[in-house]
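Take a look at the structure set out below.
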Amino acid sequence: MKILVITSPDFIADEAAQIVQLLEKNVTFVHIRKPNATQDELHDLLIKIPTRYHHRLALHDHFELVKQFSQIGGLHLNARNPVLPNDWSGRVSQSCHSLNELKRCKSSVDYCFLSPIFDSISKTNYKSAFSLEQLQRSPMIDEKVFALGGVRFSHQNVLKQCGFGGMVLMGEIWSKT
């Protein structure tokens with residue numbers, strides 16, 4: 001099962017070094033999600049991450065930075081950024097919040113996030129939208145679908161049983177920093 005991490009929405013101290021540590025351990029991909037960041041702020045973060053790791057990063061915002069950081073490995077479609085740059089040929093991922101939405105987008109991307117699977121760790125009152133039985137029965141859950149929302153390392157076995165290809169951690173990682 002692949003392990004992905006989404007950055008904290010706010011910048012944190014020594015974040016670039018922490019991202020590198022995650023990539024050097026067992027994290028497959030880090031998604032850089034800074035919805036309120038300026039392009040310059042995001043640029044400053046990326047410049048601190050060695051280029052040899054850029055192919056394992058995905059941007060959620062400021063897609064135009066791929067012109068300066070050509071090694072970036074992925075772009076993530078979301079409500080803020082629903083359209084890819086015309087010349088993009090790397091990995092594409094997308095957030096989905098229902099099985100119907102997952103069905104619509106899954107064939108056009110490399111992988112999808114489905115959320116919230118569990119009650120959120122970082123967002124108060126953001127509750128699970130699915131029962132485990134519903135997920136286990138769904139033919140839509142496969143290796144292209146990654147569980148997000150309240151996901152902890154301890155959920156790995158139950159997520160495998162549901163058929164997820166990976167887990168996406170956010171609160172589990174950044175609530176400890």
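The values are calculated or read from the model by the stated rules, or taken from the named source; none is laboratory data. Every value quoted in this text rests on a predicted model; they were computed, and no experiment measured them. No Cβ is skipped: glycine too gets one built from the backbone with ideal geometry, and neighbour counts run over all protein chains shown.
Tell me whether the stretch 50-65 contains one or more residues that are loosely packed, with under 15 Cβ neighbours inside 10 Å, at negative phi and acidic (Asp, Glu). Checked against the condition, which is being loosely packed, with under 15 Cβ neighbours inside 10 Å, at negative phi and acidic (Asp, Glu), the stretch 50-65 yields at least one hit.
The set of residues from the stretch 13-41 being charged (D, E, K, R) and touching a residue at least 24 places away in the same chain (Cβ under 8 Å) comprises 15, 33, 34, 41. Of the residues that sit in the stretch 80-99 and are under 24 Å from residue 150 (Cα atoms) and hydroxyl-bearing (Ser, Thr, Tyr), which one is surrounded by the fewest Cβ atoms within 10 Å (Cβ to Cβ)? Within the stretch 80-99, the match that is surrounded by the fewest Cβ atoms within 10 Å (Cβ to Cβ) is 98.
Just to verify a result, which residue in the stretch 67-79, among those that are within 28 Å of residue 138 (Cα to Cα) and surrounded by fewer than 19 Cβ atoms within 10 Å (Cβ to Cβ), is modelled with the highest pLDDT?
Going through the stretch 67-79, the residues within 28 Å of residue 138 (Cα to Cα) turn out to be 74-79.
Filter again for surrounded by fewer than 19 Cβ atoms within 10 Å (Cβ to Cβ), leaving 78-79.
Details: 78: 91, 79: 88.
If we take residues in the stretch 67-79 being within 28 Å of residue 138 (Cα to Cα) and surrounded by fewer than 19 Cβ atoms within 10 Å (Cβ to Cβ), then 78 is modelled with the highest pLDDT.
In the stretch 168-176, is there at least one residue being within 26 Å of residue 12 (Cβ to Cβ), of a type in the set (Val, Ile, Thr), touching a residue at least 60 places away in the same chain (Cβ under 8 Å) and not in a loop (DSSP other than H, G, I, E, B)? Yes.
Checked against (1) among the basic types (Lys, Arg); (2) surrounded by 11 or more Cβ atoms within 10 Å (Cβ to Cβ); (3) assigned to a helix (DSSP H, G or I), residue 34 meets all criteria but (3). Is there a residue in the stretch 68-77 that is touching a helix residue (DSSP H, G or I) at 6+ places or on another chain (Cβ under 7 Å), in contact (Cβ under 8 Å) with a residue 12 or more places away in the chain, assigned to a helix (DSSP H, G or I) and closer than 24 Å to residue 149 by Cβ? No, there is no match, as no residue in the stretch 68-77 is touching a helix residue (DSSP H, G or I) at 6+ places or on another chain (Cβ under 7 Å), in contact (Cβ under 8 Å) with a residue 12 or more places away in the chain, assigned to a helix (DSSP H, G or I) and closer than 24 Å to residue 149 by Cβ.
Table: residues versus (1) farther than 23 Å from residue 167 by Cα; (2) in contact with a Ser or Thr (Cβ under 9 Å, 6 or more places away or on another chain).
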residue: 28; (1), (2): no, no
residue: 52; (1), (2): yes, no
residue: 56; (1), (2): no, yes
residue: 62; (1), (2): yes, yes
residue: 99; (1), (2): no, yes
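Might you check whether a residue that is of a type in the set (Phe, Trp, Tyr) and either closer than 22 Å to residue 146 by Cα or in a helix (DSSP H, G or I) (or both) occurs anywhere in the stretch 41-57? Yes, the conditions are met somewhere in the stretch 41-57. Here 145, 151 are screened, and the one residue that is within 21 Å of residue 19 (Cα to Cα) and of a type in the set (A, V, I, L, M) is 151.
Please work out if residue 90 is touching a helix residue (DSSP H, G or I) at 6+ places or on another chain (Cβ under 9 Å), at pLDDT below 95 and not β-branched (Val, Ile, Thr). Full working, then the answer.
Working: touching a helix residue (DSSP H, G or I) at 6+ places or on another chain (Cβ under 9 Å): yes; at pLDDT below 95: yes; not β-branched (Val, Ile, Thr): yes.
For residue 90, the condition - touching a helix residue (DSSP H, G or I) at 6+ places or on another chain (Cβ under 9 Å), at pLDDT below 95 and not β-branched (Val, Ile, Thr) - is met.
Considered as a group, the residues in the stretch 100-153 that are among the small types (Gly, Ala, Ser) and on the phi > 0 side of the Ramachandran plot include one that is surrounded by the most Cβ atoms within 10 Å (Cβ to Cβ), and that residue is 149.
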